[in-house]
Amino acid sequence: MPTAQEITKALFDADGSVRNITFTPVEPQRIAMLLQELRKQFTVRDAFDHDGEDVREVLRSGSIADLWKSSSGYVCSYWHSDTHVIRALQVFISWPETQGTIFVELTFFPSDLVAEGFQLNRFLSIVEDWREVLKADDYYVRYENASWVQFDGLAPDVIYSRRTRPGAEQVAGGDQV
């Protein structure tokens, strides 16, 4: 299990790659609920679908059912917040033709995290809250890695997952940048 210091160091590691929060597949209605939660603290700045169509207004309004009309596809959106611990967030949603579930990945650069006053407990709680909204079985906070085997929680680029997340008692005092 990674320590609080290891997680914090990995989140802020300025190695040029992004950090991904990859959730296990979820039901389509859960995506709408996640977007509703994001709209409370973020503003969608840009969004497009697999055809290159601007879908910002669809995401802003919350009426995303039209997005699933195609048998497969994706939406990539960029969100910003002046108040959240993550200032800029990319939300990638994809739905393969052969499944009834949807994949969602939240992405940020280490520089998008607010370092001043950073509290790892708060970050862990935010990710867990998103997982709960999605009702995802698991998630992986990881370094971006094109060769990553999907949902392999033991891969070397995985910073932590729901199953390896440290408890509050392990984080106390270890969440300073």
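Looking at the structure I just gave you, is E128 touching a Lys or Arg at 6+ places or on another chain (Cβ under 8 Å) and surrounded by fewer than 16 Cβ atoms within 10 Å (Cβ to Cβ)?
When the stated conditions are applied, E128 passes them.
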Report, by residue number, each residue of segment 54-87 that is under 15 Å from Q36 (Cα atoms) and of a type in the set (G, A, S). S61, G62, S63, A65, S77, S81
What residue, among those in segment 1-35 that are out of contact with any strand residue (DSSP E or B) (no Cβ under 8 Å at 6 or more places or on another chain) and polar (S, T, N, Q), is nearest to W68 (Cα to Cα)? Q29
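Could you grab me the full set of residues in segment 4-23 that are touching a Lys or Arg at 6+ places or on another chain (Cβ under 9 Å) and either surrounded by fewer than 15 Cβ atoms within 10 Å (Cβ to Cβ) or of a type outside the set (K, R) (or both)?
Restricting attention to segment 4-23, the residues satisfying the condition of being touching a Lys or Arg at 6+ places or on another chain (Cβ under 9 Å) are 7, 10-11, 13, 19-23.
Result: I7, A10, L11, D13, N20, I21, T22, F23.
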So is L67 more than 22 Å from I7 (Cα to Cα) and surrounded by 13 or more Cβ atoms within 10 Å (Cβ to Cβ) or not? yes
Looking at segment 10-37, I want the residues that are in contact (Cβ under 8 Å) with a residue 40 or more places away in the chain and have a partner that is in a loop (DSSP other than H, G, I, E, B) and among the hydroxyl-bearing types (S, T, Y) with Cβ atoms under 9 Å, at least 6 apart or on another chain. Which pairs are those? T24/T101; P25/T101; V26/T101; E27/T101; P28/T101
Out of segment 31-46, which residues are within 23 Å of A136 (Cα to Cα) and not β-branched (V, I, T)? A32, M33, L34, L35, Q36, E37, L38, R39, K40, Q41, F42
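Bear in mind these aren't lab numbers, they're just calculated from the coordinates by the rules spelled out. The structure presented is a predicted model; accordingly, all values stated were derived computationally and were not measured. Methodologically, a virtual Cβ is constructed for each residue, glycine included, from the backbone with ideal geometry; neighbour enumeration extends over all protein chains shown.
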